[in-house]
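Asker: Have a look at the structure that comes next, please.
The values are calculated or read from the model by the stated rules, or taken from the named source; none is laboratory data. These numbers were taken from a predicted model, which means no experiment stands behind them. Glycine gets a Cβ as well: all are built from the backbone with ideal geometry, and neighbour counts include every protein chain shown.
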Amino acid sequence: MRQSEGFRFKQFYVRHDRCAMKVGTDGVLLGAWAPATGYRILDVGTGSGLIARMLMQRCEGAEVDAIDIDEAAVEQAKENGVRAYKARLQDWSRQLYDLVVSNPPYFQNSLKNPDKGREMARHTDTLSYEDLVRHSARLLKQGGCLALILPAEAEAEIRQLAATEDLYLTHATRVYSKEGKKPKRVLMAFRFKISNFKSQIVEDSLVLENEHGGRSEAYQELTKDFYL
């Protein structure tokens, strides 16, 4: 099968030939980094189902639901072995979850793509940051976690929105393409604030490329259970 049709990982193959957004670094990072805790997991904007499949591998026996507003993406995720549904996060109310993950649309004020599928997948028109945080909080159990990957410049806004829902940052990993560059992405994990408990925020960084242009040791360590 041609690489353009999908991507081979150690334990599974993800087809993405019918999806607007292909298998990419952001999804792999979140799937490998998100806290692997809890029995019920929701993947918001699943696309090909990549993150859902990674969490199915990491959290053996977990019930993983995946939702997307693009019908072609939902069918592709099902083809990849994911329990996927065509639904908006704003309307989803199946159950409460231990973990909600999302690699959400992140372009807010850029030119629209003529490809409608890619436009939906990339722009926040269909899922604003505010809706993402509010409805994720609505679907979380009291001890649950929300894990996201977003552009680094969105960190302050997301932290503020999360605080309005009593969700507080517990872990932030700022992602750099190379040493000396500005952070490109940020991985964030939020949990509900517990009374009389002062949470420790873990803040660290991840550089993706080494000096030779290959995957850094840290990136290889994070994704060692997935990349061939």
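Asker: Identify the residue in region 146-164 that is touching a helix residue (DSSP H, G or I) at 6+ places or on another chain (Cβ under 9 Å) and surrounded by fewer than 19 Cβ atoms within 10 Å (Cβ to Cβ) and, among all such residues, is nearest to residue 25 (Cα to Cα).
Answerer: Looking at the filtered set, the residue picked out is 157.
Asker: Still on this structure, please answer the following. Being of a type in the set (D, E, K, R) and surrounded by fewer than 19 Cβ atoms within 10 Å (Cβ to Cβ) is the filter here, so list the residues in region 166-193 that pass it.
Answerer: Answer for region 166-193, where residues must be of a type in the set (D, E, K, R) and surrounded by fewer than 19 Cβ atoms within 10 Å (Cβ to Cβ): 166, 174, 178, 179, 181, 182, 184, 193.
Asker: Here's a check for you: in region 175-228, which residue that is out of contact with any strand residue (DSSP E or B) (no Cβ under 9 Å at 6 or more places or on another chain) and among the hydrophobic types (A, V, I, L, M, F, W, C) is modelled with the highest pLDDT?
Answerer: The residue in question is 226.
Asker: Do you know which residues across region 179-202 are of a type in the set (Lys, Arg), in a loop (DSSP other than H, G, I, E, B) and closer than 28 Å to residue 57 by Cβ?
Answerer: Correct list: 184 only.
Asker: Among the residues of region 163-178, which ones are part of a loop (DSSP other than H, G, I, E, B) and closer than 23 Å to residue 106 by Cβ?
Answerer: Looking only at region 163-178, we keep the residues that are part of a loop (DSSP other than H, G, I, E, B), and these are 165-166, 177-178.
Of everything in region 163-178, those that are part of a loop (DSSP other than H, G, I, E, B) and closer than 23 Å to residue 106 by Cβ turn out to be 165, 177, 178.
Asker: Quick check on my filter: what residues within region 93-116 are part of a loop (DSSP other than H, G, I, E, B), at pLDDT 95 or above and surrounded by 17 or more Cβ atoms within 10 Å (Cβ to Cβ)?
Answerer: 103
Conditions tested, residue by residue: (1) outside any loop (DSSP other than H, G, I, E, B); (2) modelled with pLDDT under 95.
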site: 4; (1), (2): yes, yes
site: 20; (1), (2): no, yes
site: 32; (1), (2): yes, no
site: 36; (1), (2): no, yes
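Asker: Would you pick out the residues in region 165-193 that are of a type in the set (D, E, K, R) and under 12 Å from residue 219 (Cβ atoms)?
Answerer: Within region 165-193, just 178 meets the criteria.
Asker: Scan 87, 73, 66 and give me the residue that is surrounded by fewer than 19 Cβ atoms within 10 Å (Cβ to Cβ) and either modelled with pLDDT of 95 or more or of a type outside the set (Asp, Glu) (or both).
Answerer: Sole residue among the options that is surrounded by fewer than 19 Cβ atoms within 10 Å (Cβ to Cβ) and either modelled with pLDDT of 95 or more or of a type outside the set (Asp, Glu) (or both): 87.
Asker: Given the conditions (1) touching a Lys or Arg at 6+ places or on another chain (Cβ under 6 Å); (2) part of a helix (DSSP H, G or I), and given that residue 205 satisfies all but one, which numbered condition is not satisfied?
Answerer: Exception for residue 205: condition (2).
Asker: Under 8 Å between Cβ atoms, at least 6 apart or on separate chains: pull out the pairs that start in region 189-206 with a residue that is closer than 21 Å to residue 101 by Cβ and end on any residue that is at pLDDT below 95 and loosely packed, with under 10 Cβ neighbours inside 10 Å.
Answerer: 192/142
Asker: In region 67-81, which residue that is more than 15 Å from the chain's Cα centre (by Cα) and either in a loop (DSSP other than H, G, I, E, B) or of a type in the set (Val, Ile, Thr) (or both) is farthest from residue 16 (Cα to Cα)?
Answerer: The qualifying residue farthest from residue 16 (Cα to Cα) is 69.
Asker: Which count do you get for residues in region 1-50 that are basic (Lys, Arg) and free of Cβ contacts under 8 Å to residues at least 40 places away in the same chain?
Answerer: Final tally of qualifying residues: 2.
Asker: Please enumerate the residues belonging to region 7-46 that are in contact with a strand residue (DSSP E or B) (Cβ under 6 Å, 6 or more places away or on another chain), surrounded by 20 or more Cβ atoms within 10 Å (Cβ to Cβ) and of a type in the set (Gly, Ala, Ser).
Answerer: Matches in region 7-46: 34, 45.
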